[in-house]
Amino acid sequence: MKELFLLAGSADRELADVVFAEADKQADHVPGLPLVVLRAATAAANRIGDRSKAVHYLNLRDAEQQRIDAEMAMRTPDSDNAPSHDGTVRTYQQ
């Protein structure tokens, strides 16, 4: 589906409209679209001039970004001995 949105964002107008319609139809059946797909969908909707779909995907994109930000904030270490992304523990000296 991401590839369809990307194609819709770069194809000529006639093809872009058809491809976007198919991608949008498929997206309706997929809950929790990844951020990268929502970014491509927003760009494609803007490219073909579909303002209502652009706003729709922009709202979904923003909500997903906020969800990711909140999840990352919950994972932010609060102690001086914080695990890093690779699982090792860093010790901070003062």
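The values are calculated or read from the model by the stated rules, or taken from the named source; none is laboratory data. Fair warning: this is a prediction, and the values are worked out from it, not measured in the lab. Here the Cβ positions follow ideal geometry from the backbone for every residue, glycine too, while neighbour counts run over all protein chains shown. SASA here: full protein model, heavy atoms, side chains in, ligands and nucleic acids out. Shrake-Rupley method; radii C 1.70, N 1.55, O 1.52, S 1.80 Å.
Brief remarks on what is shown
- Working ranking of peptides 31-42, 59-70 by packing, defined as the average number of other Cβ atoms within 10 Å per residue, highest first, is 31-42, 59-70.
- Probe 1.4 Å, accessible area per residue of the stretch 24-67, Å²: 59 Å²
- Within the accessible area of the stretch 24-79 (1.4 Å probe), percent carbon and sulfur: 55 percent
- Additional length obtainable on full extension of the chain from VAL36 to GLU3, 0.36 nm per residue less Cα span: 10.8 nm
- With contacts taken as Cα pairs under 8 Å at a separation of at least 6 residues, the stretch 1-59 carries a relative contact order of 38 percent.
- Multiplying the residue separation of ARG51 and ILE68 by 0.36 nm and removing their Cα-Cα distance gives an extension gain of 3.6 nm.
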